[in-house]
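Q: There's a structure below that I have some questions on.
Please treat every number below as a calculation from the coordinates, not as lab data. Computed from a predicted model, the values in this text were never measured in an experiment. Positions of Cβ are generated from backbone atoms using ideal geometry, with glycine treated the same way; all protein chains shown enter the neighbour counts.
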Amino acid sequence: MKDAMKHWLVKSEPDVYSFDDLMKDSKRTTKWHGVRNFQARNLLREMKKGDAVLFYHSSCEPPHAAGIARVVREAYPDDSAWDPKSDYPDAASTPENPRWYMVDVQGEKALPAPVTLAEIRDNPKLAAMKLVQKGQRLSVQPVTAAEYAEVLRMAEKKAKS
DNA sequence: GCCAACGTTGGC
DNA sequence: GCCAACGTTGGC
């Protein structure tokens, strides 16, 4: 039996890399590199081709879910770790013995309206989302199918209002 | 700019 | 293996 598609949320600071930046790429695809946290890395490695990803903008006003993307390449070594010019060097990771991984994600479409952190927090159906739980700072988080659908529903409802 | 939360490092 | 120090995240 084929595994059910999983759902994820990834955070990015729009000043650094926004959902628009992703959509402007010629293939609408980017290497999701620079993850330097073991828990987040382990989640990255669970991502499967075709999984749906909510693209969330953090450290902006207001923080919000901006768009949806899809995993198009499963985890492979993050070469920015040993690139001295990268923003995220880590000498502990080498081509022979990589510590950090990345996936490729492809932008699918912007949400019809952004769904803010405050709106997510105000929705009781989303109370279990990692995003709204205290101290949850992981840049890669699993999301249930129901939560994912609810965020999309909120975006559509908001766009119509 | 502040600071709570919490992951990581390193001395012991 | 403990834990203090330190760094980072990210909302506010």
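Q: Normalized C-alpha radius of gyration of segment A:1-63, against 2.2 N^0.38 Å?
A: 1.23
Q: List the equivalent ellipsoid semi-axes of chain A in whole Å, largest first, each obtained as the square root of 5λ for an eigenvalue λ of the Cα gyration tensor.
A: 27, 16, 16
Q: Rank-order A:14-21, A:129-136 by packing density, defined as the average count of other C-beta atoms within 10 Å over each peptide's residues, highest first.
A: Descending mean neighbour count gives A:14-21, A:129-136.
Q: Let me ask something else. In percent, what relative contact order does segment A:117-161 have, based on Cα pairs under 8 Å that are 6 or more apart in sequence?
A: After rounding, I find 31 percent.
Q: Can you tell me the relative contact order of segment A:7-160? Whole percent, Cα pairs under 8 Å, sequence separation 6 or more.
A: That works out to 29 percent.
Q: Per the helix-only calculation at 222 nm, which mean residue ellipticity applies to chain A, given -39500 (n - 2.57) for every DSSP H run of n ≥ 4 and division by its residues, nearest 500 deg cm²/dmol?
A: The helix-only estimate for chain A comes to -6000 deg cm²/dmol at 222 nm.
Q: Just to be sure I understand the curve: with the Debye formula and one point per C-alpha of segment A:82-161, what is log10 I(q)/I(0) at q = 0.23 Å⁻¹?
A: -1.12
Q: Output the 0 to 90 degree angle, nearest 10, between the alpha-carbon long axis of helix A:145-160 and the longest principal axis computed from the alpha carbons of chain A.
A: 60
Q: In what sequence, highest mean first, do A:96-106, A:78-88 appear when ranked by Cβ atoms within 10 angstrom?
A: A:96-106, A:78-88
Q: Which entries of A:Lys109/A:Lys160; A:Lys27/A:Lys48; A:Lys6/A:Lys160; A:Lys6/A:Lys49; A:Lys49/A:Lys85 have Cα-Cα distances beyond 21 Å here?
A: Distance filter (> 21 Å) returns A:Lys6/A:Lys160; A:Lys49/A:Lys85.
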